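Enquirer: One structure, as structure tokens, below. Some questions next.
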Amino acid sequence: MTLAVPADKLEAFVTLAKEMDVEATDLGNFTDSGYFHCLFEGKTVSYLSMEFLHEGVPQMVIPAKWQPKSLSEPEVETPKNLNDELQKLLSRLNICSKESVVRRYDHEVQAGTVIKPLVGVANDGPSDAAVFRPILDSFTGVVVSHGICPSYSDIDTYHMMACAIDEGLRNYVAVGGDIDHVAGLDNFCWCDPVQSEKTPDGEYKAAQLVRANKALYDYCVAFGVPLISGKDSMKNDYQIGDTKISIPPTVLFSVIGKIADARKSVSMDVKRPDDLVYLLGDTHNELGGSEYYAELGELGSNVPKVDAESALHRYRTLNKAQEQQLVASCHDLSDGGLAVALAEKAFAGGYGIKVSLAKVAADVGMREDQILFSESQSRLLVTVHRENQTTFEALFKGQSCQRIGTVCTQPELLVTGENNKVLISSPIDLLKEAWQAPLREM
Amino acid sequence: MMPKQVKAIVIAGNGTNCEREVAFACQLAGADVADIVHVAELLAGRAKLEDYHFLNLAGGFLDGDDLGSAKAGANRLLNAKIAGSQETIADQIRQFVADGKLVMGVCNGFQLMVKMGLLPALAGGSKQSCSLTFNDGGRFEDRWTWLKVDSDSPCIFTRGLDAVYLPVRHGEGKFVADNKQTLGQLEQQNLAVVKYADVNLHPTMEYPDNPNGSECAIAGICDPTGRLFGLMPHPEAYIHRTHHPRWTREELPEEGMGLWMYQNAISFIREELLK
């Protein structure tokens, strides 16, 4: 790294650097010549005007042309056994446990971690976000979370970006992050978007980039989230012979913010039998780019869309409920939708969950598998002790808040449909095994 | 007369990353002073160990863990001369120990003590007889473990303790001794202070309760005086209930179990050294 050191402090600086085993070299000084003058053994090797250094690169013009793909919803047969479908989803690489990787990193160093990446009765449930206390004698916490959903880019990068932002934010509020004291970081990992012989679809890829950035602007403004940093990596293409592989346009949306009292943080695991299970947010027929469709080899067209206004209202209300300590557990719905979130909550907490799909606020005409696996955004699963039911429901009055079931001692996920028809009935150990097995030995 | 102050020092170096929380644990346990001092300041002669009662060697990867965990760091402490003298930091530590003071090494600090020969120092010498090597699993791991405490151990830090629950965060934590005789002596003299245990608090060789395959399930050892103690798990990482991985679902006391070890150290200093 380079540092500017006042001339009268140079000696002290070099002495300190030497004491600390840091190599430091005096390279030069600032002048008012207006030129960047660089010499080697007394001979000039560069002499560039400041104007050229700052303004010398001509503005690039990258052509972009948005052409929506003609996509449609697949004809999916009604699954015979939803237990099997759920287990298959839990074993998918985008959903399964990453514990073997998480344990390889020191996630407690500096002894401030309050919500760890692995939570629950056996220290192995999937946390939505991390909370830590950077100042050890204070209970003010910092919340860190992420959102990422590149599969939606296959339909429309605008909604991919909107969903990544929303996922980052809902993970953040799930653990108790203050939605009004939050910042984001947009990390782009993209394929080459410049039209060329090597990239004949460059105009489309550039348009994907434009659409992603439009959503970035629209949703960060709508949510009131400043972007304080980010990164971009724009040439993620691989070519061997005639085969070219471009990565899907991907944004990792990182979120950082504050929780006033880290002791009010909420983890995702269910806490005690007889607690009430609530679903916050509506469920739409939005399975485009979902894990469920991917498992069936389909893409679909109904990509999830974010309604920032209602989401923001929901997140603010959730913050109030957390502040009043009404929330026993909270988990976001993302890859795999409601069914996966229910399974994760149950096996992380070591108790069963019994819910009725008939209570879910879903679009008219949606099939049971669609309700279970839709990836509609801005939804959260919350459990509440019975003694807090009235206060909790009063807070969410007028908003989408559905009491769909209860936590139970029987260690089973039981989902019923119309007329109490059993749709899913799986021991939580079996679900956990399906979720843990794929990457356990990695 | 001014009451005498308990003074703790935490050594920081290139690669240590737990010195802040160790110093905080010392303060919380009642130390009047808990200074974080860089190795460079000791080598410059600006800070001296003799001004303190409780020496803490913190976790991290001192000097990049070059040549093996804490090995390059151990060589620096053993051999680098303090400015304007022929004295090394190791010489200062030896005097510190001879003065009856306390030393605790956690994780990389434990590795450092073992590789400097400060532990177990069975014959009172400083020849290295044990080591901490790569986990049987072959990888770094962060997980919480139960430790069974040997209640007959002379260890000052574990007085009155039966079991503690603490996180391990290491890649080289497998305790090994140079021969069976060393292991036998550690056991006979009750110097194998803490052992990885199952939930029923029985020492175990089974992964993951024993996270690294340590011989005799040894997680930490002390010297025969009980004043020098090193362990792989991190007591400074459980000093408040919110450090516990299940604090959101269990009723836990405010104070974490790791704090007890620091409280024992501070009490000893007040009662034995400052009397």
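What follows draws every value from the coordinates through simple rules; no lab data is involved. All of these numbers come straight from a predicted model, not from anything done at the bench. Here the Cβ is made from the backbone with ideal geometry for all residues, glycine too, and neighbour counts use every protein chain on show.
Enquirer: State the Cα centre-to-centre distance between region B:187-225 and region A:244-279 in whole Å.
Expert: Each part reduced to its Cα centre gives a spacing of 37 Å.
Enquirer: Which is the longest stretch in chain B that no exposed loop site breaks, taking sites as GluC sites (Glu not before Pro) with a DSSP loop state and at most 15 other Cβ atoms within 10 Å?
Expert: B:88-205
Enquirer: Using +1 at the Cβ of each Lys and Arg and -1 at the Cβ of each Asp and Glu in the protein assembly as shown, identify which of A:Ile240, A:Ser100, A:Ser374 lies farthest towards the dipole's positive end.
Expert: Working it through, the farthest residue towards the positive pole turns out to be A:Ser100.
Enquirer: Could you sort the peptides B:191-200, A:408-417, A:163-172, A:387-396 by per-residue average Cβ neighbour count (10 Å cutoff), highest mean leading? All intermediate terms of the calculation are to be shown ahead of the outcome.
Expert: Details: B:191-200: 21.7, A:408-417: 18.8, A:163-172: 29.2, A:387-396: 14.4.
Listed from highest to lowest mean packing, they are A:163-172, B:191-200, A:408-417, A:387-396.
Enquirer: Among all cysteines in chain B, which have no other cysteine Cβ under 4.7 Å from their own Cβ?
Expert: If one checks each Cβ against the other cysteines of chain B, B:Cys18, B:Cys26, B:Cys107, B:Cys130, B:Cys216 turn up with nothing under 4.7 Å.
Enquirer: Hey, another quick one. Non-local amide H neighbours of B:Thr16 (under 5 Å, H modeled in plane, Pro and chain starts lacking H): which ones?
Expert: Under 5 Å from the amide H of B:Thr16 lie the amide H atoms of B:Phe61, B:Asp63, each far enough along the sequence or on another chain.
Enquirer: Next up: Under a cut-off of 30 Å between alpha-carbon atoms, report the lysines in cross-link reach of A:Lys43, not counting same-chain residues fewer than 8 places apart.
Expert: Straight-line reach from A:Lys43, under 30 Å: A:Lys9, A:Lys18.
Enquirer: At A:Asp282 and A:Asp363, where each label point lies 7 Å from the Cα along Cα→Cβ, what is the point-to-point distance in nanometres?
Expert: That separation, rounded to one decimal, is 1.0 nm.
Enquirer: Let me ask something else. Sorting A:Met268, B:Met232, A:Met20, A:Met60 on the 10 Å Cβ count, fewest up front, what's the list?
Expert: Ordered by Cβ neighbours within 10 Å, fewest first: A:Met60, A:Met20, A:Met268, B:Met232.
Enquirer: Now for a separate question. I want to check the label-to-label distance for A:Ser46 and A:Lys214. Put each point 7 Å from Cα in the C-beta direction and report it in nm to one decimal.
Expert: 3.9
Enquirer: Still on this structure, I have one more. Give me a single rounded figure for A:268-274: the average over its residues of other chain Cβ atoms within 10 Å of their Cβ.
Expert: So the per-residue partner count for this stretch is 1.
Enquirer: Under 5 Å between amide H atoms, partner at least 5 residues away or on a different chain: which partners does A:Met234 have, H built in plane at 1.01 Å?
Expert: Distant-sequence amide H within range of A:Met234: A:Trp190.
Enquirer: Something else about it: When the helices in the protein assembly as shown are scored as -39500 (n - 2.57) per DSSP H run of 4 or longer and the sum is shared across all residues, what 222 nm value do you end up with, to the nearest 500 deg cm²/dmol?
Expert: Helices in the protein assembly as shown give a 222 nm mean residue ellipticity of -7500 deg cm²/dmol.
Enquirer: Let a ≥ b ≥ c be the square roots of the eigenvalues of the Cα gyration tensor of region A:7-55; is it rounded (a/c under 1.5), or, if not, prolate (a/b larger than b/c) or oblate?
Expert: Since a/c reaches 1.5 and a/b is larger than b/c, the shape of region A:7-55 is classed as prolate.
Enquirer: May I ask for the distance between the Cα centers of region A:340-419 and region A:49-72, given as a whole number of Å?
Expert: 46
Enquirer: If you take every residue apart from B:Asp66 with its C-beta less than 15 Å away from the C-beta of B:Asp66, what net charge results, scoring Lys and Arg +1 and Asp and Glu -1?
Expert: With Lys, Arg at +1 and Asp, Glu at -1, the neighbours total -1.
Enquirer: Another one. Mind listing P(r) for region B:118-241? All alpha-carbon pairs, 10 Å bins, whole percents.
Expert: Calculated P(r), rounded to whole percents: 15, 48, 33, 4, 0.
Enquirer: Let me ask you something else. Using a Cα-Cα cut-off of under 16 Å, which aspartates and glutamates could be cross-linked to B:Lys48, ignoring same-chain neighbours fewer than 8 residues away?
Expert: Qualifying aspartates and glutamates at Cα under 16 Å: B:Asp35, B:Glu87, B:Asp91, B:Asp99.
Enquirer: Specify, per residue and in Å³, the volume enclosed by the convex hull of the alpha carbon atoms belonging to region A:187-331.
Expert: Here the figure is 179 Å³ per residue.
Enquirer: Can you pull out the trypsin sites (Lys or Arg not before Pro) in region B:17-84 whose DSSP state is coil and whose Cβ has at most 13 other Cβ atoms within 10 Å?
Expert: The qualifying sites are B:Arg46.
Enquirer: Oh, and also: Once the Cα gyration tensor of the protein assembly as shown is diagonalised, what are the square roots of 5 times its eigenvalues, in whole Å and ordered largest first, as equivalent ellipsoid semi-axes?
Expert: 49, 37, 23
Enquirer: Assigning unit charges at the beta carbon (Lys, Arg +1; Asp, Glu -1) and nothing else, what dipole magnitude in debye, to the nearest 20, does region B:7-273 show about its Cα centre?
Expert: Dipole of region B:7-273, to the nearest 20 debye: 400 debye.
Enquirer: Just in region A:83-144: which chymotrypsin sites (Phe, Trp or Tyr not before Pro) are loop by DSSP and have at most 14 other Cβ atoms within 10 Å?
Expert: Filter output for region A:83-144: A:Tyr105.
Enquirer: Sticking with this structure for a sec: With the convex hull built on the Cα atoms of chain B, state its orientation-averaged projected area in nm².
Expert: 14.4
Enquirer: Right, another one. Ignore the peptide's own chain and count Cβ atoms of other chains within 10 Å of each Cβ in A:97-105; give me the average, rounded.
Expert: 3
Enquirer: While we're here: In nm, what is the difference between 0.36 nm times the number of residues separating A:Met60 and A:Ala4 and their Cα-Cα distance?
Expert: Gain on stretching A:Met60 to A:Ala4: 16.9 nm.
Enquirer: Also: List the GluC sites (Glu not before Pro) within region A:42-137 that DSSP assigns to loop and that have no more than 14 neighbouring Cβ atoms inside 10 Å.
Expert: Values: sites: A:Glu51, A:Glu55, A:Glu75, A:Glu77, A:Glu85, A:Glu99, A:Glu108; in loops: A:Glu75, A:Glu77, A:Glu108.
Here the sparse-neighbourhood loop sites are A:Glu75, A:Glu77.
Enquirer: Spin-label point model (7 Å from Cα, Cβ direction): what's the B:Thr182 to A:Ala394 distance in nm?
Expert: 6.7
Enquirer: Let me ask something additional. Can you tell me the Rg and Dmax of region A:82-436, counting just the alpha carbons, in angstroms?
Expert: 19.9, 66
Enquirer: If you don't mind, another one. Which of the listed residues, B:Phe54, B:Tyr196, B:Asn14, is farthest toward the dipole's positive end in region B:7-273, when Lys, Arg count +1 and Asp, Glu count -1 at the beta-carbon?
Expert: Of the candidates, B:Asn14 comes out farthest on the positive side.
Enquirer: Let me ask another. With charges set only on the Cβ (+1 for Lys and Arg, -1 for Asp and Glu), what does the dipole of region A:14-140 come to about its Cα centre, in debye to the nearest 20?
Expert: Once rounded to the nearest 20, the dipole reads 480 debye.
Enquirer: Of A:Phe13, A:Pro58, A:Val306, whose Cα points farthest to the positive end of the dipole of the protein assembly as shown (charges on the beta-carbon: +1 Lys, Arg; -1 Asp, Glu; origin at the Cα centre)?
Expert: Checked the options; the winner is A:Phe13.
Enquirer: Please list, or write none, the aspartates and glutamates whose alpha carbon is within less than 15 Å of the alpha carbon of A:Lys65, excluding same-chain residues fewer than 8 places away.
Expert: Partners within reach: A:Asp156, A:Asp192, A:Asp201, A:Glu203.
Enquirer: Report the rotationally averaged projected area of region A:60-210 based on its alpha-carbon convex hull, in square nanometres. Mind showing how you got there, number by number?
Expert: Numbers: hull surface 57.2 nm².
In nm², the orientation-averaged hull projection of region A:60-210 is 14.3.
Enquirer: How many partner chain Cβ atoms sit within 10 Å of a residue's Cβ in peptide B:56-64, on average, as a whole number?
Expert: Per-residue shielding by partner chains comes out at 1.
Enquirer: Please state the charge dipole magnitude for region A:7-55, taken about the Cα centre, from unit charges on C-beta atoms (+1 on K and R, -1 on D and E), reported in debye and rounded to the nearest 20.
Expert: So the dipole magnitude of region A:7-55 works out to roughly 120 debye.
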